[in-house]
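Here the structure is laid out as structure tokens; the discussion comes afterwards.
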Amino acid sequence: MKPKKGGVARPQLKQEYCSFQLEVRPSAIHRWGVFALEAIPKGRKVMEYTGELVSRKEGKKRAESNEIHCLFTIDAYWYVDGAVGGSGAEFVNHCCEPNLESRIVKRHVLYFSLRDIQKGEELLLDYHFGKNQEKVVCKCGAKGCRGFINVVE
Ligand SMILES: [Zn+2]
């Protein structure tokens, strides 16, 4: 990782968790994003979201003490914290019209392509924040943007 003059070092992806050529780059949506360096067909495993497996109690504590956190909800009891040992999938931004979906398989979080993704496209996931969670304004810019990262119904 070579930090640029006056800039912040670009985060790196752990290639062993990526099924395609991907790269972290500055994103128009939020800070960093993950971009496809090759075309990805629909319905393929793109990457795995890795991190430390933490309990709900510990996850809540971490969420409250960090403004930006990377907690992925696995089920009613577990979170994966991408800030610790993350594959880089924690840099995938939210979009209300995503091109990825997450599937949880035996406590592994896998990102699959929802449609064909072109080379150079940013990878995007709908975070589905709960309607009872703190409201987060969405800046994804999609036509169907619901205004918040939280789900409405
Ligand atoms: Zn949006």
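Taking the Cα centre of the chain as origin, sum charge times position over the Cβ atoms of Lys and Arg (+1) and Asp and Glu (-1), and report the length of that vector in debye to the nearest 20. Walk me through the intermediate numbers first.
Numbers: 25 positive and 19 negative charges, 45 e Å.
Approximately 220 debye in magnitude.
For the chain, what is the accessible area per residue in Å², given a 1.4 Å probe and the full set of protein chains? Don't skip to the answer; put the middle values down first.
On the way: 9490 Å² over 153 residues.
For the chain, the per-residue accessible area is 62 Å².
The Cβ shell under 11 Å around CYS70 holds other residues with a net charge of -2, Lys and Arg each +1, Asp and Glu each -1. A rounded overall shape is assigned to the chain, the ratio a/c of its alpha-carbon gyration tensor axes (a ≥ b ≥ c) being less than 1.5.
Here are some pairs, LYS61/LYS143; LYS57/LYS131; LYS61/LYS131; LYS57/LYS139; which of them have Cα atoms lying more than 26 Å apart in this structure?
Working: LYS61/LYS143 35 Å; LYS57/LYS131 20 Å; LYS61/LYS131 20 Å; LYS57/LYS139 30 Å.
Table pairs above 26 Å Cα-Cα are LYS61/LYS143; LYS57/LYS139.
Here the Karplus relation 6.51 cos²θ - 1.76 cosθ + 1.60, evaluated at θ = phi - 60°, turns the backbone of the stretch 41-46 into coupling constants of x, 4, x, 9, 6, 9 Hz, with x for every Gly and Pro. Per-atom-type breakdown for the stretch 91-153 gives carbon and sulfur 52% of the accessible area (1.4 Å probe, protein chains only).
3J(HN,Hα) along the stretch 90-99: 5, 8, 5, 7, 7, 8, 6, 10, x, 10 Hz, from the Karplus curve 6.51 cos²θ - 1.76 cosθ + 1.60 with θ = phi - 60°, whole Hz, x for Gly and Pro.
The values are calculated or read from the model by the stated rules, or taken from the named source; none is laboratory data. Quantities reported herein were computed from a predicted structural model and do not represent experimental measurements. Reconstructed Cβ throughout: ideal geometry from the backbone, glycine too, with neighbour counts over all protein chains shown. Heavy atoms of the whole protein, side chains included, go into the accessibility calculation; ligands, DNA and RNA do not. Shrake-Rupley method; radii C 1.70, N 1.55, O 1.52, S 1.80 Å.
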